[in-house]
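A short worksheet on the structure shown next.
The values are calculated or read from the model by the stated rules, or taken from the named source; none is laboratory data. Only a predicted model underlies this, so the values are computations on that prediction, with no experimental measurement involved. Glycine also receives a Cβ, built like all others from the backbone with ideal geometry; neighbour counts cover every protein chain displayed.
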Amino acid sequence: MRNLEHEVVGLDILPSPFTTRVGSITDSSCVVDCMIGVQAVYHTATLHKPHVATHSRQDFVDTNVTGTLDLLEGAVAVGVRSFVYTSTTSVFGDALVPPAGAPAAWVTEEVTPIPRNIYGVTKAAAEDLCQIFNRNNGLACIVLRTSRFFPEEDDDRAVRETYADDNVKVNEYLYRRVDLEDVVSAHLLAAERAPALGFRRYIISATTPFAPSDLPDLRASAPLAVRRRVPVYEGEYARRGWKMFPSIDRVYINERACADLGWQPRRDFKFLVDRLRTDEDVRSPLAQLVGSKGYHAETFAEGPYPVE
């Protein structure tokens with residue numbers, strides 16, 4: 001990523017080298033103070049799925065809904081030009097799981113979310129707040145529903161015990177993962193295009209090699225579908241002792257973000273397989289630099305975070 005030479009105000013509840021103001025998005029006066037003179041807001045503050053088992057539902061409402069409301073009201077009060085909200089593909093919830101025997105789901109922005117937990121509910125509610133602030137206050141708001149880009153191990157013990165961590169993550173680039181550098185480029189483009197677009201929701205995920213015709217095979221025998229689209233993967237996986245998932249139940253489609261934002265994500269499954277073949281790191285330089293901030297101050301014996 002290039003240095004854009006913008007002055008950045010970083011608000012966080014914890015100090016860090018990139019935090020210019022320690023405070024909470026639920027403190028409306030703090031929020032307004034931070035926004036004075038600001039042209040674009042990137043709202044990434046949230047309680048995540050890893051907090052579902054450690055925080056109350058009220059905590060999620062306070063941070064994800066009330067905190068978003070505070071930011072939106074502050075943005076309107078000071079005349080912010082663009083508001084970019086980092087949402088999640090988790091808002092789709094139960095809409096991601098096809099019935100038994102059905103093909104994999106082809107997930108676009110047209111799919112109606114069916115949240116499955118308080119995380120999904122509050123992220124969806126925050127998206128709707130963005131929409132009404134655009135409708136009623138004219139604030140240009142772009143919602144980016146990002147797929148997985150966290151570096152922690154999978155929270156499913158069976159997955160951790162069956163696959164190497166890098167194996168899991170590279171598999172996920174077929175359908176539900178994206179590199180941090182591509183996420184950042186999408187956010188920068190969203191802030192740039194927001195005034196012209198008004199309000200939009202976009203899926204931000206690595207470009208899948210699949211087509212709708214692959215969906216039955218993906219659900220019944222994912223290796224067959226992957227072999228058809230990216231045949232070179234088999235030799236590299238064999239060399240490493242890696243395995244493809246036997247079944248893939250959904251595919252996130254990023255076509256709208258690419259078309260509307262001019263987004264060009266670089267890292268997809270084929271790109272990463274080529275990196276593996278030359279023994280290069282599959283992570284972008286930015287992902288390597290940022291690493292993991294972590295979700296909790298403590299560690300857990302049963303995985304990277306407790307699961308509800």
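Could you grab me the full set of residues in the stretch 244-272 that are assigned to a loop (DSSP other than H, G, I, E, B) and either hydroxyl-bearing (S, T, Y) or surrounded by 13 or more Cβ atoms within 10 Å (Cβ to Cβ) (or both)?
Within the stretch 244-272, M244, F245, S247, I248, D249, I253, N254, W263, P265, R267, D268 meet the criteria.
Restricted to the stretch 273-294, and to residues that are small (G, A, S) and either touching a His at 6+ places or on another chain (Cβ under 6 Å) or part of a loop (DSSP other than H, G, I, E, B) (or both), which residue is nearest to L197 (Cα to Cα)?
Ranking the qualifying residues of the stretch 273-294, first place goes to S284.
Quick check on V143: is it over 30 Å from G241 (Cβ atoms) and within 18 Å of the chain's Cα centre (by Cα)?
yes
Those residues that are β-branched (V, I, T) and touching a helix residue (DSSP H, G or I) at 6+ places or on another chain (Cβ under 7 Å), I need them from the stretch 149-199; list them, please.
V159, V168, V170, V184, listed by residue number.
Tell me, which residue of the stretch 230-243 that is of a type in the set (F, W, Y) and in a helix (DSSP H, G or I) is nearest to V273 (Cα to Cα)?
Within the stretch 230-243, the match that is nearest to V273 (Cα to Cα) is Y233.
With respect to A53, is the statement that it is in a helix (DSSP H, G or I), loosely packed, with under 15 Cβ neighbours inside 10 Å and in contact (Cβ under 8 Å) with a residue 24 or more places away in the chain true?
no
Would you point out which residue out of R227, R200 is in a helix (DSSP H, G or I) and either surrounded by fewer than 21 Cβ atoms within 10 Å (Cβ to Cβ) or at pLDDT 95 or above (or both)?
R227
Do we have L180 as in contact (Cβ under 8 Å) with a residue 12 or more places away in the chain and surrounded by 23 or more Cβ atoms within 10 Å (Cβ to Cβ) here?
No, not satisfied.
Just to check your reading of the model, which residue among D27, D62 is surrounded by 17 or more Cβ atoms within 10 Å (Cβ to Cβ), in contact (Cβ under 8 Å) with a residue 24 or more places away in the chain and among the acidic types (D, E)?
D62
Pick from the stretch 273-292 the residues that are touching a helix residue (DSSP H, G or I) at 6+ places or on another chain (Cβ under 7 Å) and surrounded by 15 or more Cβ atoms within 10 Å (Cβ to Cβ): which of them is modelled with the lowest pLDDT?
V290
I'd like the full set of residues that are closer than 22 Å to P98 by Cβ and of a type in the set (A, V, I, L, M), limited to the stretch 122-157.
A124
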